[in-house]
Amino acid sequence: MKKDRRQEQSGSISLPRTTTSDLRGKQSVRATFKLTVGCIDAISIVATHLGIKQKSLFDHLVEDSRSLNAIAREIQNVRLKTQSRIQKTFVISRKSLSSLDKVAKNFNAPRDALVEFSVQRLLPIIAMEREKHKMRKQTLDDIARHFKDGTKLLNKIKDQLGDEDPIYHKLETVMKVYENAYLNIEDFIDKGKIIEDFEPEDLEQIFAI
């Protein structure tokens, strides 16, 4: 009887099915494009400032079939500027690459142009992150001054009470955590400096005249 109940319970559960093609579509593949420096920088900026992998960002842009088709209709049969383009290899999903190739073929649109125009959708995000970057740098200055004051206080307590005093030990523990956080923040802001020299115009001028 117990066995029958278990069979009935398991039989009542309806689970979504997956297919081999779905699983293969998630596989990572390497795809090489010839892109402008501005396009490559835009991808790097958004990935760095939002803390996401370039693959995830790339997949998000390319798997939006509606936007990709709309872009393809606008740029079919156009010629791209060949100068100042860099060959760059990205890791993307097999599904994204297949979608990109299919749209490029259907509309006779340059695959590199599809990528560049898709990346242009990131410009509003970059504009917001540029402002945040400025504020983060100002905040880092405040944090640096605060950390310096905390270090001075720690040294003062050491001179007055000695480095064996419980108060000194407790504050020393706090300052070590503070220092680690400060260095991590400093490193994050330093990596984001690429946004300071980014020019949106470099991403927008991609067609041959």
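None of the figures in this text is laboratory data; all of them are computed from the coordinates on show. Just so you know, these numbers come straight off a predicted model, no measurement behind them. Quick reminder, even Gly has a Cβ in these numbers, built from the backbone with ideal geometry, and neighbours come from all protein chains shown.
If you take the residues of segment 46-61 that are in contact (Cβ under 8 Å) with a residue 24 or more places away in the chain and more than 20 Å from PHE198 (Cβ to Cβ), which of them is surrounded by the fewest Cβ atoms within 10 Å (Cβ to Cβ)?
LYS55
Quick one: would you say LEU140 is surrounded by 12 or more Cβ atoms within 10 Å (Cβ to Cβ), within 30 Å of the chain's Cα centre (by Cα) and under 29 Å from LEU68 (Cα atoms)?
Considered against the rule, which asks whether it is surrounded by 12 or more Cβ atoms within 10 Å (Cβ to Cβ), within 30 Å of the chain's Cα centre (by Cα) and under 29 Å from LEU68 (Cα atoms), LEU140 comes out as no.
One line per residue, one yes/no per condition, for (1) closer than 24 Å to ILE195 by Cβ; (2) surrounded by 14 or more Cβ atoms within 10 Å (Cβ to Cβ):
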| residue | (1), (2) |
| --- | --- |
| GLU63 | no, yes |
| SER96 | no, yes |
| ILE125 | yes, yes |
| MET128 | yes, no |
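Looking only at segment 100-124, how many residues end up being in contact (Cβ under 8 Å) with a residue 12 or more places away in the chain and more than 15 Å from THR32 (Cα to Cα)?
Qualifying residue count, segment 100-124: 12.
Where the second residue is of a type in the set (Phe, Trp, Tyr) and not in a loop (DSSP other than H, G, I, E, B) and the first is without any contact (Cβ under 8 Å) to a residue 60 or more places away in the chain and surrounded by 11 or more Cβ atoms within 10 Å (Cβ to Cβ) and lies in segment 148-169, which pairs have Cβ atoms under 8 Å and are six or more apart or on separate chains?
Pairs that qualify, where the first residue is without any contact (Cβ under 8 Å) to a residue 60 or more places away in the chain and surrounded by 11 or more Cβ atoms within 10 Å (Cβ to Cβ) and the partner is of a type in the set (Phe, Trp, Tyr) and not in a loop (DSSP other than H, G, I, E, B), are GLY150/TYR178; LEU154/TYR168; ILE157/TYR168; LYS158/TYR168; LEU161/TYR168.
Any residue at all in segment 81-92 that's surrounded by 14 or more Cβ atoms within 10 Å (Cβ to Cβ) and assigned to a helix (DSSP H, G or I)? Working first, answer last.
So the first thing to find is which residues in segment 81-92 are surrounded by 14 or more Cβ atoms within 10 Å (Cβ to Cβ), and the list is 85, 88, 90, 92.
Going one step further and asking which of them are assigned to a helix (DSSP H, G or I), we end up with none.
Within segment 81-92, not a single residue is surrounded by 14 or more Cβ atoms within 10 Å (Cβ to Cβ) and assigned to a helix (DSSP H, G or I).
Looking at segment 119-139, which of its residues are over 30 Å from PHE58 (Cβ atoms) and in contact with a helix residue (DSSP H, G or I) (Cβ under 9 Å, 6 or more places away or on another chain)? Talk me through it step by step, then tell me what you get.
Applying the first criterion (over 30 Å from PHE58 (Cβ atoms)) to segment 119-139 yields 138-139.
Matches in segment 119-139: THR139 only.
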